[in-house]
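Before any comments, here is the structure.
The values are calculated or read from the model by the stated rules, or taken from the named source; none is laboratory data. Here the structure is a predicted model, which means the values were calculated and not measured. Virtual Cβ from ideal backbone geometry, glycine too; neighbours counted across all protein chains shown. Accessible surface areas use protein heavy atoms only, side chains included; no ligands, DNA or RNA. Shrake-Rupley method; radii C 1.70, N 1.55, O 1.52, S 1.80 Å.
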Amino acid sequence: MNEALWALGRGTGVVALAMFTLSIVLGIVTRSGRPLPGLGRFGAADIHRTAALTGTALVAAHLGTLFFDPYAQLTVTDFFVPFLGAVKPLWQGLGTLAVDLLAIVTVVSLLRHKVGPRVFKAVHWATYLLWPVALVHALGNGTDARTPWMIAFAATCSAAVGASVVWRLLPSYAGRGWRRTPRTLAHTR
Ligand code: HEM
């Protein structure tokens, strides 16, 4: 039973990270205003949102399963307050920090029509911090961090997010998206 919880805890963490990677990449594509081939006008935005919500549900499963894994020694406090854990407090604390950021981004995103686009956008910048914090947590805390598949997975995710962020910073990226078509983007976000 403990082995199953441990495997499930690790598996849900890895797939959550994959979902957040996809979500960041597609968030950047959505913001560019360029449709992805075959996905139509709002396809990228829909998948961006679905990947983020799936990742959030998987993080909940990650915490739920590892909570019952006696080796992880998690307490409810570790879900909310970083760096107090009994095992690898620094690496685990980064996971908690990612969850705190995730909670804020998720709540504000769900309330985006109430808080308005300025607050939504400002809070959404936190995802650029959330992702690397979660990745460092995974590499520092995870059992599989030194396995070839995990190294390849982390490298692939980093390359995808890194390339997207570089594209985001290029002058050719700017000028499309909300600035020109704020109404359209209001539908996509
Ligand atoms: C956005 C939030 C989070 C993500 C994306 C995430 C993802 C991951 C990933 C990918 C691993 C590596 C699994 C492996 O080695 O195969 C991991 C390990 C771990 N995470 Fe998280 N995590 C998050 C938050 C948290 C939080 C808040 C806690 C506890 C308070 C936590 C506790 C752990 C533990 C104990 C391990 C080690 C599991 C093991 O290999 O024994 N994680 N996490």
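Observations on the model:
- Comparing the range 58-168 with the 2.2 N^0.38 Å rule of thumb, its C-alpha radius of gyration ratio is 1.18 (two decimals).
- Proximal charge balance of Tyr128 [Cβ under 13 Å; K/R count +1, D/E count -1]: +3
- Gyration tensor (Cα) of the range 108-165, equivalent ellipsoid semi-axes in angstrom: 31, 13, 8
- Volume per residue of the C-alpha convex hull in the chain, rounded to whole Å³: 123
- Probe 1.4 Å, protein heavy atoms only - accessible area per residue of the range 47-132 in square angstrom: 58
- For Leu36, residues with placed amide H under 5 Å, excluding near neighbours: Ala44
- Share of carbon and sulfur in the accessible area of the chain stands at 73%, probe radius 1.4 Å.
- The range 1-73 versus the range 104-157: alpha-carbon centroid distance in Å: 9
- Relative contact order computed over the range 5-149 (Cα-Cα under 8 Å; 6+ residues apart), in percent: 22
- Rounded tilt (10° steps) of 2-32 against the dominant C-alpha axis of the chain: 20
- Acute angle (nearest 10 degrees) that the helix 89-110 long axis makes with the longest principal axis of the chain, alpha-carbon atoms: 40
- In the chain, the calculated helix contribution to ellipticity at 222 nm averages -24000 deg cm²/dmol per residue, counting -39,500 (n - 2.57) for every DSSP H run with n ≥ 4.
- Principal-axis tilt of helix 127-141 within the chain, Cα atoms, nearest 10 degrees: 20
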